[in-house]
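Before any comments, here is the structure.
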Amino acid sequence: MMELNHTHNPAARSWVDSAQAPGADFPIQNLPFGIFKEKEAPALDWRGCVAIGNEVCDLRALAASGVLQGAALQAAQAASHGSLNALMALGPAAWRALRHALFEVLLSTAPAATQAALKPCLLAQTSVDMGLPARIGDYTDFYTSIYHATNVGKLFRPDNPLMPNYTWVPIGYHGRASSVVVSGQSFRRPSGQTLPPGATEPVFGPCKRLDWEVELGVFMGTGNALGEPVALDDAEQHVFGVCLLNDWSARDIQAWEYQPLGPFLSKNFATTISPWVVMLEALAPYRAALERPDGKTDDVAYLRSAANSATGALDIQLSIGLTSPAMREAGLPVHNVCHTSYRHAYWTLAQMVAHHTVNGCNLQPGDLLGTGTLSGPTLDQAGALLELTQGGKVPVALSGGETRTFLADGDEVTMRGWCERTGAARIGFGTCVATVLPAMSG
Ligand code: CA
């Protein structure tokens with residue numbers, strides 16, 4: 001498990017002034033990776049970058065600047081293309097070398113010549129478009145919050161809310177990679193089959209119960225060979241980093257289709273992720289003990305280790321809220337309705353990787369794992385409208401006077417993530433935003 005080092009020093013400052021702004025998501029202790037292009041540049045000129053304050057550092061320009069050597073230079077060159085997959089495949093020593101080299105050259109004490117060489121590599125975030133961080137080969141969504149599983153189970157199966165396998169198996173399903181999109185992209189309300197209350201036959205039409213799910217996305221770095229499981233205590237060596245993930249869900253379509261094989265068209269019309277991938281190393285100050293409400297510690301052996309119990313959880317705080325068209329017209333800010341944390345999850349990130357591979361299934365660089373909806377123990381920590389509104393029965397009041405049970409056309413949903421605690425630098429994930437467009441007519 002990862003230990004603290006000089007890149008976590010909360011007193012460290014960058015010569016990029018905006019990195020020190022109060023509440024900034026991207027101080028020098030963070031340095032998340034993404035894929036960008038200049039707004040004015042040709043459409044296909046995508047390449048890797050790192051966020052620092054309000055700027056991006058272009059890794060292709062940095063690789064050509066002469067300030068990097070060795071493994072860090074090799075890593076920056078691998079990130080000079082239209083996806084981070086090649087960098088992800090290089091492994092944790094390369095990721096660490098590049099992150100540490102970036103820390104050195106962006107530090108306030110970096111030599112003047114280094115700063116001068118770096119300045120042409122920096123671009124304002126407002127001048128660039130962000131793309132998907134990787135070509136995602138496969139996407140798997142887990143179900144790691146026992147609070148979410150219980151709340152949703154009560155609504156779908158009042159007599160049998162939590163299935164007996166839940167506390168033994170990190171439940172997941174294979175999702176759809178092609179419809180994972182980056183923050184800022186709008187999507188259409190899906191249409192599909194639903195069974196109206198009391199009806200005996202389904203109807204077809206636009207989803208009436210469109211929902212969000214507050215999740216984290218985990219980008220795999222180095223993969224594993226087919227047939228070779230990843231051991232629990234090695235699992236994090238295979239993880240490149242973490243992003244925000246919103247798993248849009250059509251609850252009425254889901255209720256009709258989910259048995260016996262689980263979600264299908266109710267989930268695969270869109271999944272929005274944040275453009276920034278925060279490295280596991282940057283999250284080291286926010287590790288926590290795995291704490292479960294039932295106190296269970298007797299996991300099956302491949303899911304159990306002292307390190308995983310002691311430091312396997314991560315206190316990543318998450319919020320979600322929305323603005324309606326009327327609220328935006330009135331200049332009202334995002335109305336947040338949920339504040340939760342990944343530390344409430346029943347299964348850790350390492351357990352997800354160990355479980356996914358225990359049968360020999362091979363993960364590959366750029367594969368994406370969703371944590372599942374990260375609801376906490378109380379209602380204001382519920383990560384989906386389905387839970388917040390108790391199945392659509394209790395509307396949420398928005399600032400400006402409107403109410404919602406589920407999403408309306410034109411709603412713009414904003415998810416945020418950040419880590420903060422006394423004695424450590426606050427780091428953030430930026431935002432994960434998307435707007436609901438009307439369903440296709442006809
Ligand atoms: Ca989900």
>> Give me the one-decimal nm value for the distance between modelled label points at ASN359 and PHE204, 7 Å along each residue's Cα-to-Cβ direction.
In response: 3.3 nm
> How compact and how long is the range 324-442, expressed as Rg and Dmax of its alpha-carbon atoms in Å?
Replying inline: 18.0, 57
> For ASP409 and VAL169, what does the FRET efficiency come to when R0 = 30 Å and r is the distance between their Cβ atoms, rounded to the nearest 0.05?
Replying inline: 0.20
> What ratio of Cα Rg to 2.2 N^0.38 Å holds for the chain?
Replying inline: 0.97
> Could you state the per residue volume, in Å³, of the convex hull enclosing the Cα atoms of the range 199-256?
Replying inline: 164 Å³
>> Please report, ordered by residue number, every helix of the chain (full DSSP H runs) that is 18 Å or longer along its axis going by C-alpha atoms and whose mean Kyte-Doolittle hydropathy reaches -1.0.
In response: 92-106
> Using the Cα atoms of the range 1-110 to build a convex hull, what is its mean projected area in square nanometres?
Replying inline: 7.5 nm²
> Using +1 on the beta carbon of Lys and Arg, -1 on that of Asp and Glu, and nothing else charged, what's the dipole of the chain about the Cα centre, debye to 20?
Replying inline: 240 debye
> Where the centroid of each part is defined by its Cα atoms, how far is the range 49-78 from the range 303-378 in Å?
Replying inline: 29 Å
> Which longest uninterrupted range of the chain lacks any GluC sites (Glu not before Pro) assigned by DSSP to a loop state (not H, G, I, E or B) and surrounded by at most 12 other Cβ atoms within 10 Å?
Replying inline: 41-290
>> If each residue of separation counts as 0.36 nm, what is the full-extension length gain between ASP298 and ALA231 once their alpha-carbon separation is subtracted?
In response: 22.4 nm
> Of ALA79, ALA134, ALA64, which is the most mobile in a GNM of the chain whose springs link Cα atoms less than 10 angstrom apart?
Replying inline: ALA64
>> Need one number: % antiparallel among DSSP beta bridges in the chain, to the nearest 5.
In response: 90 percent
> Between HIS81 and ALA289, what is the spin-label point distance in nm, taking each point 7 Å from the Cα along the Cα→C-beta axis?
Replying inline: 4.6 nm
> Using a Gaussian network model of the chain with C-alpha springs under 10 Å, which one of PHE269, PHE156, PHE142 is most mobile by mean-square fluctuation?
Replying inline: PHE156
>> Between LEU44 and ARG135, what is 0.36 nm times their sequence separation minus the Cα-Cα distance? Round to one decimal in nm.
In response: 31.3 nm
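Just so you know, all these numbers are worked out from the coordinates, no wet-lab data involved. Quick caveat: nothing in here was measured; it's all calculated off a predicted structure. When we count neighbours, we look across all protein chains shown, and the Cβ atoms used for this are built from the backbone with ideal geometry, even at glycine.
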